[in-house]
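Participant: Sharing a structure, written as structure tokens. Questions coming.
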Amino acid sequence: MVVEQQLLPYFQWLLTGGENSLGALPSFFFVFLGVAMAALVIGFAIAASRYGILRGGDVTYKTVSEGLSELLQTAPRRVWAIARLAIKESMRRRVAVALGVFFLVLLFANWFLSTNHQEPARLYLSFVLTASTYLVLGVALLLSAFSLPNDFKTKTIYTVVTKPVRAGEIILGRIIGFTIVITGLLAIMGVGSYIFVVRSLDHSHTVELESFQVVTGPAGEDAGKKGTTSRDAGHRHELTLDAEGNGETTVENGHTHAIESIGENKYRVSPPLGFIRARVPQYGKLRFIDRSGAAKDTGISVGSEWTYRSFIDGNTPATAIWTFDNVSDAVDPKPPEAERSLPLSLIVRVFKTHKGVIGQALQGTIQLRNPESQLTSEPLPFDAQDQQVDDIDIPRKLLSQSRQEIDLFKDLVSKDGKIEVLVKCLDRGQYFGFAQADCYIRHPDGSPIASFAKVCVSIWVQAVIVVSVGVTISTLVSGPVAMLFVVGFIILGFWRQDFVDIATGKSYGGGPAESVVRIATQANVMVQLEDTLLNNLVSGFDKYFAKPIMWAVAQTLPDFRSFSTVRYAADGYNVPWDRVFQDVTVCLGYVIGLSILGYFLLRTREVAK
Amino acid sequence: MSEEIILQTRALSKVYRDFWGRQKVRALKGLDLEVRRGEVFGLLGPNGSGKTTTIKLLLGLLFPTEGEALVFGKPASDVAKNERLGYLPEESYLYRFLTADETLDFYGRLFDMPSDVRRQRIDELIEMVGLQKARKRQLQEYSKGMTRRIGLAQALINDPELIMLDEPTSGLDPIGTREMKDMILRLKDEGKTIVMCSHLLADVQDVCDRIAILHQGELKELGRVDELLKVADVTQIRAKNLSVDCQQELRDVISRHHGELVSLDNPTTTLEELFLDIVRDSEARPGRRAGVK
């Protein structure tokens with residue numbers, strides 16, 4: 001499941017942050033202040049080495065004061081002029097070739113992608129969105145890293161900076177221009193991708209009349225038919241028709257078909273339904289009860305190194321308990337009030353210690369409990385399918401454990417809108433694994449197209465950050481060096497957490513200098529280095545120099561992996577607006593911060609040689 | 001020419017350094033200059049004498065190692081000075097994928113000029129530099145002369161008070177050179193201040209009021225062109241229709257007064273004048289051999 005960390009509401013994320021994190025805005029200002037102070041010290045040191053301490057101080061002061069006043073004189077018309085130039089330059093540099101490559105990739109994609117897959121939509125969506133991400137990031141990298149250096153090389157920059165253009169306008173204009181180009185590219189790729197996925201997954205079946213079995217009602221009347229569809233796209237569906245001949249198929253490969261009678265023994269099977277979904281989950285908080293009945297924060301480990309899920313053992317008191325807030329019968333307001341249910345989705349990770357009964361799914365139960373009154377419903381059994389999203393609609397009318405009829409929303413939901421969902425495994429010696437996001441209340445699906453567009457926004461955010469970094473660093477170094485820098489930035493961004501873990505000493509093996517020693521002496525990360533003077537010096541260097549610098553750099557690195565929302569679309573979940581707003585805000589922070597940095601870098605360098 | 005100082009350098013020096021900060025070359029040594037409003041000022045010197053470095057320092061493209069450069073009384077690094085300044089670089093460093101129209105529109109926008117003003121100014125300049133027929137063509141299709149002309153147009157887009165021209169006649173044919181010089185004189189008549197650098201002495205002599213001669217980064221001479229070129233101990237007599245006897249009589253007079261006759265012969269025109277006369281005659285009478293006197 002995609003949401004492994006709690007997603008904070010936008011304004012809480014922006015201002016106050018979570019339990020162990022600062023708000024985004026205060027974080028931005030702290031980092032900004034830190035970078036500004038570092039830049040001031042480095043700038044003064046360089047100026048002092050060139051002009052002496054007094055004049056160096058004067059130069060530094062003037063640069064900062066004039067810079068701040070110039071930043072306020074930014075003219076939109078000049079910024080737009082530079083942006084237009086960047087767009088024209090991109091066109092001249094045949095940026096459209098990227099589109100050609102993209103469509104070429106799509107043309108040959110069907111050689112490697114198969115609709116005969118348990119979840120073909122996940123496969124197709126992951127592929128097209130990942131391909132789009134890499135292509136767009138590549139284009140962003142090439143455009144941004146070579147643009148300004150090329151202007152320096154051809155000296156066209158001379159005729160620009162001798163106009164009343166502020167350095168910040170040159171930076172911002174280029175970022176905006178390339179962003180527009182990338183937006184256009186991404187829009188075309190997004191539409192192309194969506195059409196490709198929908199068209200590739202599209203198929204139909206015919207109803208196999210010879211498979212029909214008549215279904216009779218309680219009074220022996222004709223209640224419809226059961227049968228199967230033809231085998232197409234590598235699968236067939238079971239189907240159930242009512243007395244009028246209308247009905248739908250079972251879910252296979254992540255989709256169903258509606259069936260409509262159009263005459264005697266003639267049926268029309270609809271295109272696939274539910275391939276691309278945008279589920280809107282409401283998550284609760286998970287806690288556990290172990291086999292002895294004691295409350296625990298986590299379940300037991302079955303030896304998996306990934307501790308994201310923990311397990312409960314079957315046929316014991318061990319229980320996974322989710323507590324949901326704000327529960328009412330308005331979760332799914334479509335049905336009449338008396339028929340409303342609580343739509344739950346459950347994902348179970350099954351761990352077997354013996355093979356059990358072949359062909360028979362493990363059994364589990366779901367109970368609902370009022371956290372105030374402790375009134376608990378009778379267990380509802382379910383078949384556990386490993387790693388499948390099981391949609392379970394809990395009916396409004398339930399029986400309590402004392403077999404009395406109770407109303408789900410009136411009796412099991414507390415006054416403050418809370419309800420507990422208890423899940424147990426029934427099979428002895430078998431285990432169910434759960435993470436917090438594995439059980440959720442299912443709100444009505446969002447628009448798959450809108451969710452797909454939001455994934456494209458997350459790709460856009462990554463590309464804009466790459467453009468901003470590329471343009472900023474290219475004020476200082478040549479095109480190839482700028483490109484290498486941005487590639488390094490992206491790689492560090494994707495592995496930011498590992499980088500932070502090294503900087504904070506969470507990773508084994510020490511810092512960069514110690515790693516060099518370990519490589520040279522062939523000592524693996526678990527081996528304690530000998531207590532020699534050299535090793536002590538190396539450790540000291542890492543501790544007091546390398547790691548603090550790494551930590552400082554990590555504060556400015558974006559977590560590229562967290563930007564990617566491709567898994568939302570691939571797994572069929574709606575991308576929350578909070579997520580989109582957070583990503584766009586982070587992007588804006590980078591654009592502002594890097595534009596200011598780029599301004600000073602360009603302002604303080606000699607344009608001519 | 002007014003006494004208002006438009007441009008000033010005070011002990012301006014520039015040392016080029018390598019990546020490690022080691023001195024590579026001292027391009028300019030303690031230059032003191034003043035340029036007044038309305039004059040055409042020439043920076044003269046052989047290649048590597050520091051002319052272009054001076055221009056780049058005045059434009060803020062380079063930072064001085066010592067001393068200061070003031071333009072309109074402000075430091076050269078002040079971007080605001082560029083509002084009143086036009087610059088034609090040695091090579092017209094323009095975006096070759098833009099057309100002439102787009103080029104001027106782009107630079108006009110950089111001056112934050114409103115759309116209607118910009119449009120009008122572009123039309124005027126395109127006509128002034130004679131590129132009406134080529135205004136929709138990309139600059140990569142332009143000849144050297146056309147590129148210089150659009151370069152000049154971009155330098156004038158803001159109707160600047162001060163125009164800096166780096167080797168303005170570089171790469172131009174004699175006609176283009178003459179047109180450029182005429183343009184400089186016309187701009188001077190409009191009250192513009194012009195600073196140009198060149199190593200083509202004739203160009204500088206033709207258009208400049210004052211010149212500074214640089215050599216190896218040092219100022220060697222500074223003053224009015226006519227005064228600098230005046231040879232004080234030589235008297236020049238120019239007359240028409242003198243007979244041989246009269247010429248002999250002049251020789252005798254000079255000799256009687258103990259003067260030394262340097263030369264007494266018929267003057268020659270300049271090659272530039274001869275070339276231009278031939279071209280004009282050829283244009284007036286196409287297909288016939290020019291008969292220049």
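The values are calculated or read from the model by the stated rules, or taken from the named source; none is laboratory data. What you see is a predicted model; the values in this text were computed from it and never measured. We place every Cβ from the backbone using ideal geometry, glycine too, and count neighbours over all the protein chains shown. Just so you know, the surface numbers come from the protein's heavy atoms only, side chains and all, with ligands and any DNA or RNA stripped out. Shrake-Rupley method; radii C 1.70, N 1.55, O 1.52, S 1.80 Å.
Participant: Which aspartates and glutamates have a Cα lying under 16 Å from the Cα of B:LYS188, excluding residues fewer than 8 positions away in the same chain?
Facilitator: By straight Cα distance, B:LYS188 reaches B:GLU3, B:GLU4, B:GLU39, B:ASP159, B:GLU161, B:GLU179, B:ASP203, B:ASP206, B:ASP209.
Participant: Expressed as an acute angle from 0 to 90° and rounded to the nearest 10, what is the orientation of the C-alpha long axis of helix A:167-201 relative to the principal long axis of chain A?
Facilitator: 20
Participant: Long-range amide H contacts for B:TYR87: which residues qualify at under 5 Å (H placed 1.01 Å from N, peptide plane, sequence gap of 5 or more or a different chain)?
Facilitator: B:MET164
Participant: Using only DSSP helix segments of four residues or longer, with each worth -39500 (n - 2.57), what per-residue ellipticity at 222 nm results for chain B after dividing by its residue count and rounding to 500?
Facilitator: The per-residue figure over chain B is -10500 deg cm²/dmol.
Participant: Could you sort A:PHE112, A:PHE434, A:PHE489, B:PHE63 by their accessible area in this structure, using a 1.4 Å probe and putting the largest first?
Facilitator: The ranking, largest first, comes out as A:PHE112, B:PHE63, A:PHE489, A:PHE434.
Participant: Exposed loop sites here are GluC sites (Glu not before Pro) in DSSP loop states with at most 14 other C-beta atoms within 10 Å. What is the longest stretch of chain A lacking them?
Facilitator: Within chain A, the longest run free of exposed GluC sites (Glu not before Pro) spans A:20-220.
Participant: Quick check: Cα centre of the stretch A:530-563 to Cα centre of the stretch A:39-111, how many Å?
Facilitator: 29
Participant: Now a separate question. Going by average Cβ density within 10 Å per residue, which order do the peptides A:90-99, B:51-60 take, highest to lowest?
Facilitator: Highest-to-lowest ranking by the protection proxy: B:51-60, A:90-99.
Participant: Also, I was wondering about something else. Roll a 1.4 Å probe over the protein heavy atoms and report the accessible area of A:HIS203 in Å², nearest 10.
Facilitator: Approximately 30 Å² for this residue.
Participant: Additional query: I'd like the distance between the alpha-carbon centres of the stretch B:107-127 and the stretch A:256-296, rounded to an integer number of Å.
Facilitator: Using only Cα atoms to place each centre, the spacing works out to 63 Å.
Participant: May I pose another question? What ranking of A:ILE53, A:ILE176, A:ILE42, B:ILE184 comes out by heavy-atom accessible area, probe 1.4 Å, highest first?
Facilitator: Listed by decreasing accessible area, they come as A:ILE53, A:ILE42, A:ILE176, B:ILE184.
Participant: Please report the net charge: other residues with Cβ closer than 12 Å to the Cβ of A:TYR10, K and R +1, D and E -1.
Facilitator: Residues close to A:TYR10 contribute a combined charge of -1.
Participant: Show which lysines lie in cross-link reach of B:LYS51 when reach means a straight Cα distance below 17 angstrom and same-chain residues fewer than eight apart are skipped.
Facilitator: Qualifying lysines at Cα under 17 Å: A:LYS609, B:LYS14, B:LYS29, B:LYS220.
Participant: Follow-up question, since we're still on this one. If eta is 1.306 mPa s and T is 10 °C, what Stokes-Einstein diffusion coefficient results for the stretch A:209-269, Kirkwood Rh from Cα pairs, in µm²/s?
Facilitator: Approximately 132 µm²/s, per Stokes-Einstein.
Participant: Another one. Please compute the length gained on full extension between B:GLU34 and B:TRP20, using 0.36 nm multiplied by the number of residues separating them and subtracting their Cα-Cα distance.
Facilitator: 1.6 nm
Participant: What are the ³J(HN,Hα) couplings of the stretch A:221-226, residue after residue, when phi is run through the Karplus curve with 6.51, -1.76, 1.60 and θ = phi - 60°? Round to Hz, x for glycine and proline.
Facilitator: Computed from phi, the couplings for the stretch A:221-226 are 7, 6, 9, x, 9, 10 Hz.
Participant: What FRET efficiency would be calculated for the residue pair A:LEU15, A:GLN363, taking the C-beta separation as r and a Förster radius of 41 Å, to the nearest 0.05?
Facilitator: With a Förster radius of 41 Å, E is 0.30.
Participant: Identify the GluC sites (Glu not before Pro) of the stretch B:55-104 meeting these criteria: DSSP loop state and at most 14 other C-beta atoms within 10 Å of the C-beta.
Facilitator: none
Participant: Among B:LEU250, B:LEU44, B:LEU98, whose mean-square fluctuation peaks in a Gaussian network model of chain B (Cα, cutoff 10 Å)?
Facilitator: B:LEU250
Participant: Can you list residues whose amide H is under 5 Å from A:VAL251's amide H, if they're 5+ apart or on another chain and H is modeled 1.01 Å from N?
Facilitator: Amide H neighbours of A:VAL251, under 5 Å, 5+ apart: none.
Participant: Express in Å², to the nearest 10, the accessible area of A:SER515 obtained by rolling a 1.4 Å probe over the protein heavy atoms while all chains stay in place.
Facilitator: 40
Participant: Tilt of helix A:120-154 relative to the longest C-alpha principal axis of chain A, in degrees (0 to 90, nearest 10)?
Facilitator: The helix A:120-154 is inclined about 10 degrees to chain A.
Participant: Straight-line reach from A:LYS334: which lysines fall under 18 Å, measuring Cα to Cα and dropping same-chain residues less than 8 apart?
Facilitator: Within the straight-line cut-off, A:LYS334 pairs with A:LYS397.
Participant: Based only on Cα atoms, what Rg/Rh ratio does the protein assembly as shown have, Rh being taken as Kirkwood's radius?
Facilitator: Value, to two decimals: 1.16.
Participant: Run the quick spin-label model on B:ASP123 and A:GLN497: label points 7 Å from Cα toward the beta carbon, then report their separation in nm to one decimal.
Facilitator: Simple spin-label model gives 6.4 nm for this pair.
Participant: Right, next: By accessible area of protein heavy atoms, probe 1.4 Å, what ranking do B:LYS192, A:LYS226, A:LYS415, B:LYS136 get, highest first?
Facilitator: Ranking B:LYS192, A:LYS226, A:LYS415, B:LYS136 by accessible area, largest first, yields A:LYS415, B:LYS136, A:LYS226, B:LYS192.
Participant: Count charges around A:ALA361 for me, please; just the other residues with Cβ under 12 Å from its Cβ, Lys/Arg as +1, Asp/Glu as -1.
Facilitator: Counting the neighbours of A:ALA361, the net charge comes to -3.
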